[in-house]
Amino acid sequence: MKEQMWNDVDDYFTDKLHNTDPVMKAVQQNNADAGLPGIDVSANHGKFLSLMVKMSNAKNVLEIGTLGGYSSIWMGRGLPEDGHIVTLEYKNAHAKVARENIERAGLSDKIEVIEGAAIDTLPTLKSKGWSSFDLIFIDADKPSYPQYFKWALKLSRPGTVIIADNVVRGGRVLDPEDSTGKAVRDFMDMMADENLIDGTALQTVGSKGYDGFAIGIVK
Ligand code: SAH
Ligand code: DHB
Ligand code: MG
């Protein structure tokens, strides 16, 4: 079956490139022990995010949707010495585990977890001194993606990289009956606005099934 092959190839790349990483293994174990859902990015996708941080020379990163901090830590590893990540998480239990994991990864001085519904915490960031971010990773509740995109633009500058996870979801993006699909399509309508952003979307297969992400550079 194709799905099996996608998994095997993902495992092959993970084993080849990322499997000697005790910190990341401990983070995943800690998440599982705490009962967090296994919906973090894959190791290969995490490294991709880390490389994006490096390639865009990002110093200030915003993440919407922390879970156990797995993707935050990957991105944190791509930061320069004076880099920072602000990551937003709704659930107290997730934020707690994320802080433990971030501590374990030695990134507590670089990564700040802000608790609360992102739609409430996003408007507080400017007054906390975060005027614009260099890279923004959107990965929280999918129905809110259109609102998160608007906030991402408000908290961006020309050149900011915006990445949004889970824009395919097994093809449900095209399902007219799927309310999350509708939200993702509304999000894609904004991504398609050439006055706002220069973007694209890529489909992915692997250990997380069939999904994809959108990526763009703010105009
Ligand atoms: N980026 C993480 C995965 C995030 S999963 C990683 O790859 O490791 C999505 C997270 O978004 C969950 O922890 C969920 O609790 C959180 N979330 C859901 N709704 C939210 C909201 N309204 N505001 C902030 N976070 C939210
Ligand atoms: C879900 C959320 C994610 O961010 C993801 O990458 C996969 C699944 C979910 O809520 O089901
Ligand atoms: Mg995701």
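The values are calculated or read from the model by the stated rules, or taken from the named source; none is laboratory data. Predicted, not measured: the structure shown is a model, and the values here were computed from it. Cβ coordinates were reconstructed from backbone atoms using ideal geometry, including for glycine residues, and neighbour counts include every protein chain displayed. Heads up: the accessible areas ignore ligands, DNA and RNA and are worked out on the full protein's heavy atoms, side chains in. Shrake-Rupley method; radii C 1.70, N 1.55, O 1.52, S 1.80 Å.
Could you grab me the full set of residues in region 41-76 that are in a loop (DSSP other than H, G, I, E, B) and either touching a helix residue (DSSP H, G or I) at 6+ places or on another chain (Cβ under 8 Å) or charged (D, E, K, R) (or both)? Once the filter is applied, which keeps residues that are in a loop (DSSP other than H, G, I, E, B) and either touching a helix residue (DSSP H, G or I) at 6+ places or on another chain (Cβ under 8 Å) or charged (D, E, K, R) (or both), region 41-76 yields Val41, Ser42, Ala58, Lys59, Gly65, Thr66, Leu67, Gly68, Gly69.
On inspection, Gly38 qualifies as at negative phi, assigned to a loop (DSSP other than H, G, I, E, B), within 16 Å of ligand 2 (Cβ to nearest atom) and in contact with a helix residue (DSSP H, G or I) (Cβ under 9 Å, 6 or more places away or on another chain). Of Ile102, Ile114, all but one fail to be open to solvent by less than 60 Å² (accessible area, probe 1.4 Å), touching a residue at least 12 places away in the same chain (Cβ under 8 Å) and either out of contact with any strand residue (DSSP E or B) (no Cβ under 7 Å at 6 or more places or on another chain) or in a strand (DSSP E or B) (or both); the exception is Ile114.
Scanning region 128-147 for residues that are open to solvent by less than 10 Å² (accessible area, probe 1.4 Å) and within 16 Å of ligand 2 (Cβ to nearest atom), we see that the one that is farthest from the chain's Cα centre (by Cα) is Tyr145. Just give me the residues in region 164-214 being under 17 Å from the mean Cα position of the chain (by Cα), open to solvent by less than 30 Å² (accessible area, probe 1.4 Å) and more than 14 Å from ligand 3 (Cβ to nearest atom), in sequence order. Within region 164-214, just Met191 meets the criteria.
Once region 46-60 is narrowed to residues that are out of contact with any Phe, Trp or Tyr (no Cβ under 6 Å at 6 or more places or on another chain) and open to solvent by less than 30 Å² (accessible area, probe 1.4 Å), the residue that is nearest to ligand 3 (Cβ to nearest atom) is Val53.
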